[in-house]
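Participant: I am attaching a structure below and will ask some questions about it afterwards.
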Amino acid sequence: MTSENGPVSVLLVDFRPVVRAGLGTILDRTDRFSVVGEALDRPSALSMARELHPEAVLTELRSEGLEGLRLVRELREEFPEVAIIILTQSERQRDITDAIAAGANGYLLIDNITEESLPEAINLSMSNISALDSDLVHRLISNLREHTRLSLIDAGALGADLTNWEIEVLQLMASGHVDSEIASSLSISISTVN
């Protein structure tokens, strides 16, 4: 049920009727999308995907009978071109990385979805651009920076052969500073930072 010039066909997968209705309402407010089916669980989602050939699938990650990661893997294997977006309440870093590794194109927090963000996420995902909730991206970056900072501290504690100056440069890098900022901060050249 896909058409090059017509609306993007979307399959909604969630066990909650109110969530499916809300997503449908958002998508119906534009002529760019058409909800072609709604599924409650993994088996019905796969059956509908085989029958309807949607261009995008919006699915919950964790719910009874859904097995979201398994669904994403199976959809990705059977329909490599379909845009798969996870809509969930889970902010766990492990869930995010597992979903992306399984083949999801996007990961959005359901509480942050707006009339603008959902269509934009579908469009990005269909263009093979990851659509990630901005709150989650900021948290992931912060966690990565903190992990990197702690790793640097641990490396120093383990007796790594780094000078105090090298550790200071690495700490500035881990804090998100670019080479020019580090050079300016330490009164050295950019080539020395490199």
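Participant: Give a residue-ordered list of calculated ³J(HN,Hα) values for the range 25-35 (Karplus: 6.51 cos²θ - 1.76 cosθ + 1.60, θ = phi - 60°; whole Hz; x for Gly, Pro).
Facilitator: 4, 4, 6, 6, 6, 10, 8, 7, 10, 9, 6
Participant: At a 1.4 Å probe radius, carbon and sulfur cover how many percent of the accessible area of the range 1-130?
Facilitator: 47 percent
Participant: Can you sort Phe33, Phe79 by 1.4 Å-probe accessible area, starting with the largest?
Facilitator: Descending accessible area places them as Phe79, Phe33.
Participant: Rounded if a/c is under 1.5, else prolate if a/b beats b/c, else oblate: with a ≥ b ≥ c from the C-alpha gyration tensor eigenvalues square-rooted, which is the range 1-121? Provide the component values of the computation, followed by the final result.
Facilitator: Working: a/c = 1.45, a/b = 1.17, b/c = 1.24.
Verdict is rounded for the range 1-121.
Participant: Calculate the spin-label point distance for Ser142 paired with Ser189, positioning each point 7 Å from the Cα along the beta-carbon direction, and give it in nanometres.
Facilitator: Going from the Ser189 label point to the Ser142 one covers 3.9 nm.
Participant: With each pseudo-label sitting 7 Å past Cα toward Cβ, what's the Glu168-Glu81 distance in nm, one decimal?
Facilitator: 5.7 nm
Participant: A further question on this structure: Please give the contour-minus-distance gain from Arg94 to Asn128: 0.36 nm per residue of separation, less the Cα-Cα distance, rounded to one decimal in nm.
Facilitator: Values: separation 34, 0.36 × 34 = 12.24 nm, distance 2.19 nm.
Between Arg94 and Asn128, full extension yields an extra 10.1 nm.
The values are calculated or read from the model by the stated rules, or taken from the named source; none is laboratory data. Quantities reported herein were computed from a predicted structural model and do not represent experimental measurements. A quick note on method: Cβ atoms are made from the backbone with ideal geometry, for glycine too, and the neighbour counts reach across all protein chains shown. These accessible areas exclude ligands, DNA and RNA; they are computed on the full protein's heavy atoms, side chains included. Shrake-Rupley method; radii C 1.70, N 1.55, O 1.52, S 1.80 Å.
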